[in-house]
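The next block holds one structure in the form of C-alpha cells; read it before the comments.
All of the numbers you see were taken from the coordinates with simple rules; none came from a lab. None of these values were measured; they are calculated from a predicted model. Note that we place each Cβ from the backbone using ideal geometry, even for glycine, and neighbour counts take in every protein chain shown.
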Amino acid sequence: MDSVPKALIEMIYAFVSGERILDLVDVITLLLDILKTTLAATIFIDGLDEVVEDDRKLIFLHLKNLVVESTANVKLYTSGREDTTE
C-alpha cells in the first residue's frame, strides 16, 4: 500500500475521535477505498445473527456490491448462529 487516500484517513480519525459514527455506507466506502490499494483481500464478518433481518439483508446486498465493484480478488466469509429467530 503506497498511500492511503486522505478522505479515508479523515474518516477513520473522525470515527476514532468520536466526532462521527460510521454507517453501513461509510464502512462499504472505506472497504472499497482500501481494496483499491491491493490485488487481493479476505474479509471476515461475524455476528450477523445479531442483526435484525431487514438490516442483515441490506448488509448482504452491500457486501455483494462490494465484491462485484472491487478490482481486488475478494474472499468474503460471514458467520452467525443458525437459529436467528430469538
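So what's the back-of-envelope 222 nm ellipticity for the chain, counting only DSSP H runs of four-plus at -39500 (n - 2.57) apiece and dividing by all residues, rounded to 500?
My calculation for the chain gives -15000 deg cm²/dmol from helical runs alone.
In square nanometres, what is one fourth of the surface area of the convex hull spanned by the alpha carbons of segment 6-79?
About 5.3 nm², averaged over all directions.
For Asp55 paired with Ile43, estimate the spin-label separation in nm (one decimal), with each label point 7 Å from Cα along the Cα-to-Cβ line.
So the two model labels end up 1.8 nm from each other.
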